[in-house]
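Here's the structure, in structure tokens; my notes come after.
The values are calculated or read from the model by the stated rules, or taken from the named source; none is laboratory data. None of the values given here were measured: they were computed from a predicted structure. Here the Cβ positions follow ideal geometry from the backbone for every residue, glycine too, while neighbour counts run over all protein chains shown. Surface areas here come from the heavy atoms of the whole protein model, side chains and all, with no ligands, DNA or RNA. Shrake-Rupley method; radii C 1.70, N 1.55, O 1.52, S 1.80 Å.
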Amino acid sequence: MRADRLLSILLSLQNRGKLTTNELAKELEVTGRTIHRDMEALNAAGIPIVAERGKSGGWRLLEQYRTNLTGLKANELKSLLISPSFQLLSDLGLKKDWHEARQKILASIPSTLQKNSHDIWNRVHVDTTARRQSPEFLNFATSHLG
């Protein structure tokens, strides 16, 4: 849906700074031309987006612009309560919702705390694919904990 994509672009730019058309197109699974149309729509809506050309160019929001989008969807909230195992989120069909919820949370954090938040989110990883518990171990643990 276009409205969701426009919000995703806005939150991505707000959280990550400058992004290229190709980066946004790949992330949102659309063409570069669609990103250009979306940027025109955001600009027409009064969002101060700046296009920088050249080798280190890209799209960014005008300095000091912040949005206050904070409404979480039900699936986004569920995805936050689940371990951040990308395989588990994918299996449950919540990977995209988790990503969108994360963007909203990061957007609502004051800029002074954002770097620490990015570091925490990017350094913690739960690997749920390592091994499965044997039925014997589960029976043993249940009988001794219960």
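Taking the stretch 21-31 on its own, how many of its residues are open to solvent by 50 Å² or more (accessible area, probe 1.4 Å) and touching a residue at least 24 places away in the same chain (Cβ under 8 Å)? If you could, list the steps in order and put the result at the bottom.
Within the stretch 21-31, the first condition is being open to solvent by 50 Å² or more (accessible area, probe 1.4 Å), and the residues that meet it are 22-23, 26-27, 29, 31.
This time we only want the ones that are touching a residue at least 24 places away in the same chain (Cβ under 8 Å), so: 23.
Qualifying residue count for the region: 1.
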Residue count for the stretch 10-20, restricted to those that are closer than 10 Å to LEU61 by Cβ, in contact with a helix residue (DSSP H, G or I) (Cβ under 7 Å, 6 or more places away or on another chain) and free of Cβ contacts under 8 Å to residues at least 60 places away in the same chain: 1
Contacts under 6 angstrom Cβ, first residue in the stretch 32-49 being at pLDDT 90 or above, partner of a type in the set (Val, Ile, Thr) and open to solvent by 20 Å² or more (accessible area, probe 1.4 Å), 6 or more apart: GLY32/THR21; ILE35/THR21; MET39/ILE49; LEU42/ILE49; ASN43/ILE49
Selected residue (criterion: least open to solvent (accessible area, probe 1.4 Å)) from residues of the stretch 56-107 that are at pLDDT below 70 and hydroxyl-bearing (Ser, Thr, Tyr): SER79
Residue satisfying all of: in the stretch 38-48; part of a helix (DSSP H, G or I) and loosely packed, with under 13 Cβ neighbours inside 10 Å; nearest to the chain's Cα centre (by Cα) among these: GLU40
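Of all residues in the stretch 1-29, which are in a loop (DSSP other than H, G, I, E, B) and either closer than 20 Å to TRP98 by Cβ or touching a His at 6+ places or on another chain (Cβ under 7 Å) (or both)? I'd like the intermediate steps shown before the answer.
Keep residues of the stretch 1-29 that are in a loop (DSSP other than H, G, I, E, B), which gives 1, 17-18, 20, 29.
Selection gives MET1, GLU29.
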